[in-house]
Amino acid sequence: MLVPLYGFLAGDTLGLVLLVHDDDRVHVIAEQLQLAACVRVAPRAQAQVYFRGQRLDPQLTVSKAGLAPLDRVDVVPEER
Amino acid sequence: MPKLNRDDWIDLGRKLDWDYSYVREEDVFPELLSGRPWLLHAEWQHWDEPYRTTYAEYVDTQADKDAIVQGVREAVGRVEDFAKLDRSWLNGLKLHAATMAFTEFTAGIGDIRGARFGRDGAWRTMALFGALDEFRHTQIPLLLMHELVPWDPQFDWTHRLFHTNNWMAIALRHLVDEMCVGTDPLEFAIATNLVLETGFTNLQFIGLSAIAHDVGDRMFEKMVTSIQTDEARHAQIGHSVLAILIRHDPERAQHLVDKWFWRSWIVFAVVTGFSMDYLTPLAARRTSFKEFMEEWITDQFQKTLTAFGLKRPWYWDFFIEALDTYHHMVYASAYTYRATLWFDFALPGPEERAWLREKYPHTWDLLDPVWERITERWRTSGPGIEWSTQGATMPGFCNLCQIILSNGTPRANAARVVEHLGRKYIFCSEPCAWIFSREPDRYADHKSVVNRMLAGEAPPNLVELTRTYFEMTPEVRGEDMLRGRYPWLRTHRNDPGLEV
């Protein structure tokens, strides 16, 4: 099932709408959002995903991580 | 035959009220249409304003003003006059004209309601003049920009914007429909006359006319000056209504001021912030948008609040921080979604960015990397390759102001998700969430662009959405003002030999 999320990439100037599958891994969110924002923010190799202030395990699926449609997730790229 | 002195007769025409003999006052002025708190006319009978204009004087004055605008139009309002202006300024003009014309028209509707349901004769008379003013302010930009359409079809959006589902149109309608059409005359007086006109646009017009003078746009200068003199008069309604409202319901007065200051600020920051800090040529910039806000808006507004015994809005600290970031966040975002809008964008170059750093020393370091990235992508793609600096993923929109989610800073975006009756809403900021929470029934059913897309009411991909839903055809969709052909952007590798 597709899950629309509001994604906020640290360093970016706006929130974007991401469409992920409920069985996608959390790291897919970080990859998708960095790609979506790449005209404004250079992608980094590693990035963490946060939901309600908690860092999510990148190997969890979207549904196991408790993410539901129209939730806000934050992606914070790791410093090089 | 001896003539009466003006003071002996003027109130008979200007401030005419009487006792009703066969209807009740609350039937003549129902609370739903006249506003709350509902008070007997005895409480409004001393309502007054300083201009005390008669209809004949109004017509004479307006005829003179129109003659002046027409004279300037004939002298410097031709296509060849506009063609001489700086390209970035022309794009600011497209933004202003499109957002202005039908906002003014909608304000005319609010004024007409005041002309019938305002609670005192003098209020109703001034509201009638206000309505006539607003229709004039609709007609002037429509007239002036219409002649430019064959030269540049983006000017067509002066008329077209409000009739579309372009995201900026949705945001503007959400604001002005509520402010002018969905309010009673009392709330309209606070929202439009006091907060928007006295607090923002009246002073904005003074600032803009000075900038227009510096860039050589005599037509725009004269247009906003002429409009400003009307606004200064009918905006007086706001102060007089607030003075009586505060006596009877100070909590409601504070709420209305807080709500409408935030709602006005959001749109004002986009239109005027873009124009002052990005679409005015550097040589003509007198102050930054923040400096303008501090000098003309925040100081004056605080004096007004103090004079009436009101407090600063509860979100004041957040608002002050937003002066440093909000319009920059929206502009950088909109630059990379410029194909969704009807005007072209300027890419700030090294000199502009140095100026912005000087004017915004505390926050520019957070924003400059975004422009560095965009610049680098232009360098890589070479000029003319618009897609290389455009986003392809759907932006999110605030469920209150309907503008992209760009409040806060690049480090900490201020958006927040709230659940209401089982539905999730996202707001760009705490004040937008607060406004929603105070009157959820008023806003809950409205769908943002994202909600429409998810409900199957708008195309699900951005290209189709831009083309068919936002109505951006190749002739009008926004591009980089110089298509990336900036002299400072040239490199040996991709230099096509073009310089503007």
Practice problem: Please give the peptides B:337-348, B:105-116 ranked by average Cβ packing (other Cβ atoms within 10 Å per residue), highest first, as a rough proxy for protection. | Solution: B:337-348, B:105-116
Quiz item: With N residues in segment B:85-167, what two-decimal value do you get for its Cα radius of gyration over 2.2 N^0.38 Å?
Solution: 1.31
Practice problem: Evaluate Rg over Rh across segment B:1-83, taking Cα atoms for both radii and Kirkwood's formula for Rh. | Solution: 1.22
Quiz item: 222 nm [θ] for chain B, helices only, -39500 (n - 2.57) per DSSP H run of 4+, per residue, to 500?
Solution: -16500 deg cm²/dmol
Exercise. Give me the accessible area per residue for segment A:14-80, probe 1.4 Å, as a whole number in Å².
Key: 50 Å²
Self-check item: Shape call, segment B:183-232: gyration tensor on alpha carbons, a/c limit 1.5
Solution: prolate
Practice problem: Between the alpha-carbon centers of segment A:1-17 and segment B:437-476, tell me the distance in whole angstrom. | Solution: 17 Å
Self-check item: Largest-first ellipsoid semi-axes for chain A, taking √(5λ) over the Cα gyration tensor eigenvalues, angstrom
Solution: 19, 13, 11
Quiz item: Taking N as the number of residues in segment B:48-90, what is its Cα Rg relative to 2.2 N^0.38 Å?
Solution: 1.79
Quiz item: Using a probe radius of 1.4 Å on protein heavy atoms only, what is the accessible area buried between chains B and A, both sides summed, to the nearest 100 Å²?
Solution: 2200 Å²
Self-check item: Cα-based Rg and Dmax for segment B:37-132, where Dmax is the largest Cα-Cα distance (Å)
Solution: 18.8, 58
Exercise. Just grab the label-to-label distance for B:ASP64 and B:HIS362, each label 7 Å out from Cα along the Cβ direction, in nm (one decimal).
Key: 4.6 nm
Exercise. Enter the accessible area of B:CYS428 (Å², nearest 10), with the probe set to 1.4 Å and all protein chains included.
Key: 0 Å²
Exercise. Could you tell me the accessible area of B:THR201 in Å² (1.4 Å probe, neighbours in place), rounded to the nearest ten?
Key: 20 Å²
Quiz item: Expressed as a whole percent, how much of the Cα-Cα distance distribution for chain B exceeds 31 Å?
Solution: 46 percent
Self-check item: Net length gained if the chain between B:HIS213 and B:LYS311 were fully extended (0.36 nm per residue, minus Cα distance)
Solution: 31.6 nm
Self-check item: Length-normalised contact order for chain B - Cα pairs under 8 Å, 6+ apart - percent
Solution: 16 percent
Practice problem: Calculate the length of the line joining the C-alpha centroid of segment B:365-414 to that of segment A:60-79, in whole Å. | Solution: 21 Å
Exercise. Could you sort the residues of segment A:24-41 by number and keep only those whose accessible area is reduced by 50 Å² or more in the all-protein-chain setting relative to the chain alone, 1.4 Å probe?
Key: A:VAL39, A:ARG40
Exercise. Provide the gained length on full extension for the span B:GLU291 to B:SER437, in nm with one decimal, where the gain is 0.36 nm per separating residue minus the Cα-Cα distance.
Key: 49.4 nm
Quiz item: Between their Cα atoms, which of B:LYS259/B:LYS424; B:LYS15/B:LYS222; B:LYS303/B:LYS359; B:LYS290/B:LYS311; B:LYS259/B:LYS290 are more than 29 Å away from each other?
Solution: B:LYS15/B:LYS222
Self-check item: In order through segment B:113-128: 3J(HN,Hα) via Karplus (6.51 cos²θ - 1.76 cosθ + 1.60), integer Hz, x for Gly, Pro
Solution: 4, x, 5, 9, 10, x, 8, 9, x, 5, 4, 5, 5, 5, 5, 5
Quiz item: Taking only Cα atoms, what is the 0 to 90° angle, nearest 10, from helix B:202-215's long axis to the longest principal axis of chain B?
Solution: 40 degrees
Self-check item: Computed accessible area, A:VAL76, all protein chains, 1.4 angstrom probe, square angstrom
Solution: 60 Å²
Quiz item: Cα gyration tensor of segment B:312-414, axes a ≥ b ≥ c as square roots of the eigenvalues: rounded (a/c below 1.5), prolate (a/b > b/c) or oblate?
Solution: oblate
Quiz item: Looking only at Cα atoms, what is the convex hull volume of segment B:252-332 per residue, in Å³?
Solution: 78 Å³
Self-check item: Sulfur and carbon atoms: percent of accessible area, the protein assembly as shown [1.4 Å]
Solution: 54 percent
Exercise. First measure r as the distance between the Cβ atoms of B:LEU282 and B:GLU372, then evaluate 1/(1 + (r/R0)^6) with R0 = 22 Å and state the FRET efficiency to the nearest 0.05.
Key: 0.75
Practice problem: For A:GLN46 paired with B:HIS248, estimate the spin-label separation in nm (one decimal), with each label point 7 Å from Cα along the Cα-to-Cβ line. | Solution: 6.6 nm
Quiz item: Taking each residue of B:402-411 in turn, how many C-beta atoms of other protein chains fall within 10 Å of its C-beta, and what is the average?
Solution: 4
Quiz item: segment B:262-328 to segment B:64-119: how many Å between their Cα centroids?
Solution: 22 Å
Exercise. Give the shape of segment B:321-364 as rounded, prolate or oblate, defined through the alpha-carbon gyration tensor: a ≥ b ≥ c are the square roots of its eigenvalues, a/c under 1.5 means rounded, and otherwise the shape is prolate if a/b is larger than b/c and oblate if not.
Key: oblate
Exercise. Measure nothing fancy, just the Cα-based angle from helix A:26-36's long axis to the longest principal axis of chain A, in degrees from 0 to 90, nearest 10.
Key: 40 degrees
Quiz item: Within chain B, what's the longest stretch lacking GluC sites (Glu not before Pro) that sit in DSSP loops with no more than 12 other Cβ atoms inside 10 Å?
Solution: B:1-456
Quiz item: If you line up the long axis of helix B:299-308 against the longest principal axis of chain B, both from Cα atoms, how many degrees apart are they, to the nearest 10?
Solution: 20 degrees
Exercise. Rounded to whole Å and sorted largest first, list the principal axis extents of the Cα atoms in the protein assembly as shown.
Key: 90, 57, 41
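The values are calculated or read from the model by the stated rules, or taken from the named source; none is laboratory data. Nothing here was measured: the structure is a model prediction, and the numbers come from that model. For neighbour counting, all protein chains shown are included, and Cβ atoms are generated from backbone atoms with ideal geometry for every residue, glycine included. What goes into the accessible areas is simple: the full protein's heavy atoms, side chains included, and nothing from ligands, DNA or RNA. Shrake-Rupley method; radii C 1.70, N 1.55, O 1.52, S 1.80 Å.
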